[in-house]
Amino acid sequence: MAQVQRMSRLMIKTLRDDPADAETLSHKLLVRAGYVRRNAAGIWSWLPLGKKVLDNVSRVVREEMDAIGGQEVLLPALLPKEPYEASGRWDEYGDLLFRVKDRKGADHLLGPTHEEVFTQTVKDQCSSYKDLPVILYQIQTKYRDEARPRSGVLRGREFQMKDSYSFDVSDEGLAASYALHREAYQKIFKRLGLDYRICSAVSGAMGGSASEEFLAPAPAGEDTFADCPACDYAANTEAVTFALQPVDGTVHGPAEDLDTPDTPTIETLAEHLGVPASATLKNLLVKVDGEIVAVGVPGDREVDLGKLAEHLAPAQVELVTADDFTGRPDLVRGYVGPQGLEKVRYIADPRVAPGTAWITGANKPDTHARNVVCGRDFEVDDYLDVVVVAEGDPCPACGTGLKLDRAIEIGHIFQLGRKYADTFQLDVLGQQGKPVRVTMGSYGIGVSRAVAALAEQSADDKGLCWAREVAPADVHIVAAGKAAQTELALSVADQLAAAGVRVLVDDRAGVSPGVKFTDAELIGVPTILVAGRRTAEGVVELKDRRTGEREELPVAEAIARLTA
Ligand code: ATP
Ligand code: MG
């Protein structure tokens, strides 16, 4: 026996207009359809219909986690500082962390993710290799003081996450636990009806599959990923790496100076010389732990400072300021070329390959040089992938032009290795009787974010449109208004519920049929059944919310169809 939810008794206030502060489609629709209510920036209440969808997502996640042998636990969200101090994250998280003091003045935090506490839990509970592998998970409220919590439940400061952690004695074990999660995630997102891509989340240099993100393409997404139209390559743009371009063997003439007055930027230079920006070499100066380093990229490319920082971490990367040029006659602002940088480390994009010739600064004011050849006139100290990936860049796997798309990160799987096990000295007694250091994986799904991602992907101009597995009901029955219509609607509702079908029935008196139809489409239950003008004949209308297809049929047939 499933539930019959009468609209006349449901706390729901639908809105015709978008809330003024809403930027994303999911934010607008989830508020308008009465699923969520904003309490403060990034802090949301789940109203009756929203709670049902959230619970449905949680159920699917739970079932698939149980299916891979995950054991559900519930750890506290309010945590003492010490474990996070031990891992360094009490400081590293900076402003993202909600910090609270208890009445005695002791520091606490609201958990943003729980690697530390799970490591401690397993250290406490498992002592032998026989106790492993273990997969633990929870579906829990997380807290992050996000800088821009603007997109509704897509990015909350309080949100629901499924986080799981695997504990193994060997690298092979970790790989197996990772593979189990990867498969479980595929099943989960398929059941939820989400369109997603699995994207490599770390640069190839760090070793392929150690971290992957599940990205749901949507314009509202804050991630950009590169997608190959020809092969199955997909990667977060931050993780795309390009190979060193092969040398083409051209012999270039000697380097020579060009008089280029007032051309401190690539645009002014390219225009002055009448060459494409791609023929020039741009040299960005940055400070790495206070020391000046030059980064060379083709003039038509931008340096991705985030990628650069990631490559050079834990060193701190900052842009140079005018003051940094004082006392450095070797650095001529706007006219820097690698051929004159003896004392400066030179990092370059792989496109600046040995044998390539460039127009670049001549290290003299108002002067550039041409035929400056890599490997002949200057050396590259390190090749790093630092350019912003652009649409049409060659796929690292097959060479086809990449497409760039916006997406929402809905899940992340990560082979952590022994980082936290080292911090907390998590060992178990191995087969040989000696202690073995445990290796870990951590895996997240944004449960509340998935609701918004589903809304983003499935909504149309009429409103939300859920897959049955997550919808707040299976069938939305609309009683057009007359007593006999309401009577039929309620009777059909009971019969369906008796057969296990979840029903929302719009039995509201004094609400026009037009408003009821509009609300039904806004709410987005997959099937709409109308007890309307042919009620007396015992004929109802069935409508597919997604396709808009309608069909009139006798009540018994409609019921048979919906309970099949
Ligand atoms: P993002 O880059 O979007 O901030 P993240 O990489 O910091 O996310 P993880 O630490 O990998 O997030 O967390 C696991 C999952 O939790 C993410 O894949 C995402 O689906 C979800 N998530 C993270 N932050 C939020 C948030 N502020 N609101 C809702 N869901 C979130
Ligand atoms: Mg992530």
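Annotation for SER8 and ASP381: the two label points, set 7 Å from Cα along the Cα-Cβ direction, are 7.9 nm apart.
Modelled spin-label separation between ALA313 and ALA175, with each label point placed 7 Å from Cα along the Cα-to-Cβ direction: 2.5 nm. Taking a straight line from the alpha carbon of LYS482, these lysines sit under 18 Å away, with near neighbours fewer than eight places off in the same chain left out: LYS516.
Rounded to the nearest 5, what is the percent of antiparallel bridges among the DSSP beta bridges in region 249-383? Given both bridge residues lie in region 249-383, the antiparallel proportion sits at roughly 70 percent. Length gained on full extension, GLU271 to ASP460: 63.4 nm, using 0.36 nm per residue less the C-alpha separation. Classified by the C-alpha gyration tensor, region 493-564 has a rounded form. Its axis ratio a/c, with a ≥ b ≥ c, is below 1.5. Straight distance only, please: which lysines reach the Cα of LYS190 with their own Cα at less than 29 Å, same-chain residues fewer than 8 apart left out? Correct list for LYS190: LYS28, LYS51, LYS52, LYS142, LYS162, LYS403, LYS462, LYS543.
Segment SER127..GLN245, full-extension length gain: 37.4 nm, with 0.36 nm per residue of separation and the alpha-carbon distance subtracted.
Between the listed residues HIS311, HIS252, ASN371, the Cα displaced farthest toward the positive end of the dipole of region 249-383, a dipole computed from Cβ unit charges relative to the Cα centre, is found at HIS252.
Only the Cβ atoms of Lys and Arg (+1) and of Asp and Glu (-1) were treated as charged; on that basis the dipole of the chain about its Cα centre amounts to roughly 2640 debye. Computed extension length for ALA67-LYS101: 8.3 nm, one decimal, from 0.36 nm per residue of separation with the Cα-Cα distance subtracted. Take the Cα of ALA560, step 7 Å toward its Cβ, do the same at ARG16, and the gap between the two points is 4.2 nm.
Every number here is computed from the coordinates shown, using simple stated rules; none is lab data. Because the structure is predicted, anything quoted here is derived from the model rather than measured. Quick reminder, even Gly has a Cβ in these numbers, built from the backbone with ideal geometry, and neighbours come from all protein chains shown.
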